[in-house]
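Colleague: My structure is below; once you've seen it, I'll send some questions.
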Amino acid sequence: MGRPRILLADDHAMVVEAIRKLLESEFEIVGTVSDGQQLLKLATELKPDAVVIDLGMPLLDGMEAGRELKRLLPGCKLIALTMSEDSEIAAAALRSWASGYLLKKSAGSELVKAIWESLKGRSYVTPKVARQLLEQFVRDPRPDRDKVLTPRQRQVLQLLAEGRTMKEAAISLHITPRTIAFHKYRIMEEFDLKTNSDLVRFALRERVI
């Protein structure tokens with residue numbers, strides 16, 4: 001049996017090259033892509049054993065691309081690689097499509113380990129994020145708990161309901177606009193909100209503003 005076939009998805013050329021050099025001694029790198037739409041096209045053509053996915057790609061972000069790729073290639077193992085330490089984003093990725101979740105500042109050996117673990121049918125979460133996920137579960141382990149806003153969601157909702165743009169909210173909270181967008185659409189999905197007006201009314205009802 002040959003080496004596992006890996007596809008790399010990241011819009012930063014230097015990052016892709018560094019990952020390629022890190023992995024090529026143990027894996028066959030079958031291709032690289034720089035946006036989510038390219039990822040879906042090439043992955044369905046090449047059918048790799050695993051894909052390393054940057055969550056912050058253009059055209060179609062890694063979160064949406066990961067969900068769609070899991071639907072198209074259910075046997076393919078998907079590993080999220082990101083700058084975000086937000087445990088809510090990690091939980092969403094792991095729940096819907098990811099076998100692994102790593103930070104870009106993680107040691108290179110972690111990525112190698114995560115790929116091998118995923119190929120063996122297990123999951124790998126970088127220790128810092130894993131601790132946050134565990135703390136969340138310990139605080140409220142009930143899978144059927146009533147939906148409530150997390151502290152971060154409340155912060156995002158307040159800023160957006162006050163009329164801040166996603167960029168302004170991101171600057172205020174020292175996170176990226178993409179992370180703001182993730183929380184906004186997560187709130188809208190969880191609480192069945194369709195428009196920005198619904199979002200403002202919801203913020204008033206929740207006494208966020």
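The values are calculated or read from the model by the stated rules, or taken from the named source; none is laboratory data. It should be emphasised that the depicted structure is a prediction, and the values quoted were computed from it without experimental measurement. Glycine gets a Cβ as well: all are built from the backbone with ideal geometry, and neighbour counts include every protein chain shown.
Colleague: Among the residues of segment 5-19, what is the count of those that are modelled with pLDDT of 95 or more and surrounded by fewer than 18 Cβ atoms within 10 Å (Cβ to Cβ)?
Modeller: 1
Colleague: If you don't mind, another one. Please specify each residue of segment 20-33 satisfying the condition of being of a type outside the set (A, V, I, L, M) and surrounded by fewer than 18 Cβ atoms within 10 Å (Cβ to Cβ).
Modeller: Filtering segment 20-33 for residues of a type outside the set (A, V, I, L, M) gives 20-21, 24-28, 31-32.
Passing the criteria: 20, 21, 24, 25, 26, 28, 31.
Colleague: Would you confirm, using the coordinates I've provided, whether residue 111 is surrounded by fewer than 24 Cβ atoms within 10 Å (Cβ to Cβ), in a helix (DSSP H, G or I), out of contact with any Leu (no Cβ under 7 Å at 6 or more places or on another chain) and modelled with pLDDT under 95? Full working, then the answer.
Modeller: Working: surrounded by fewer than 24 Cβ atoms within 10 Å (Cβ to Cβ): yes; in a helix (DSSP H, G or I): yes; out of contact with any Leu (no Cβ under 7 Å at 6 or more places or on another chain): no; modelled with pLDDT under 95: yes.
No, not satisfied.
Colleague: Could you check how many residues of segment 1-46 are over 17 Å from the mean Cα position of the chain (by Cα), of a type outside the set (A, V, I, L, M, F, W, C) and farther than 14 Å from residue 68 by Cα?
Modeller: The total comes to 14.
Colleague: Which of the residues spanning segment 185-209 are assigned to a helix (DSSP H, G or I) and surrounded by fewer than 16 Cβ atoms within 10 Å (Cβ to Cβ)?
Modeller: Initial filter on segment 185-209 (assigned to a helix (DSSP H, G or I)): 185-190, 196-205.
Matches in segment 185-209: 185, 189, 190, 196, 197, 198, 201, 204, 205.
Colleague: For a quick check of your reading of the model, give me the residue pairs whose first member lies in segment 175-191 and is in the same structural domain as residue 164 (by TED's automatic domain parsing), whose second is modelled with pLDDT of 85 or more and among the aromatic types (Phe, Trp, Tyr), with beta-carbon atoms closer than 8 Å and at least 6 apart or on different chains.
Modeller: Close Cβ pairs satisfying both conditions: 187/202; 191/202.
Colleague: Tell me which residues, restricted to segment 48-74, are in contact (Cβ under 8 Å) with a residue 40 or more places away in the chain and either surrounded by fewer than 18 Cβ atoms within 10 Å (Cβ to Cβ) or polar (S, T, N, Q) (or both).
Modeller: Going residue by residue through segment 48-74, those that are in contact (Cβ under 8 Å) with a residue 40 or more places away in the chain are 48-58, 61-63, 65.
If the condition is that a residue be in contact (Cβ under 8 Å) with a residue 40 or more places away in the chain and either surrounded by fewer than 18 Cβ atoms within 10 Å (Cβ to Cβ) or polar (S, T, N, Q) (or both), then 58 is the only one that fits.
Colleague: Just to verify a result, which residue in segment 165-184, among those that are assigned to a loop (DSSP other than H, G, I, E, B) and surrounded by fewer than 17 Cβ atoms within 10 Å (Cβ to Cβ), is modelled with the lowest pLDDT? Outline the logic, then answer.
Modeller: Going residue by residue through segment 165-184, those that are assigned to a loop (DSSP other than H, G, I, E, B) are 165, 174-176.
Narrowing further to those that are surrounded by fewer than 17 Cβ atoms within 10 Å (Cβ to Cβ): 165, 174.
Working: 165: 91, 174: 87.
Restricting to residues being assigned to a loop (DSSP other than H, G, I, E, B) and surrounded by fewer than 17 Cβ atoms within 10 Å (Cβ to Cβ), the top hit is 174.
Colleague: In segment 114-148, what residues are of a type in the set (Phe, Trp, Tyr) and either at pLDDT below 75 or on the phi > 0 side of the Ramachandran plot (or both)?
Modeller: Within segment 114-148, the first condition is being of a type in the set (Phe, Trp, Tyr), and the residues that meet it are 116, 124, 137.
Within segment 114-148, 137 is the sole residue that qualifies.
Colleague: Strands (runs of 3 or more DSSP E) wholly in segment 1-108 with at least 1 residues that are basic (Lys, Arg) - which ones? Break it down into steps so the answer makes sense when it comes.
Modeller: Numbers: elements: 5-9, 28-33, 50-54, 77-82, 100-103.
Ranges flagged: 5-9, 77-82.
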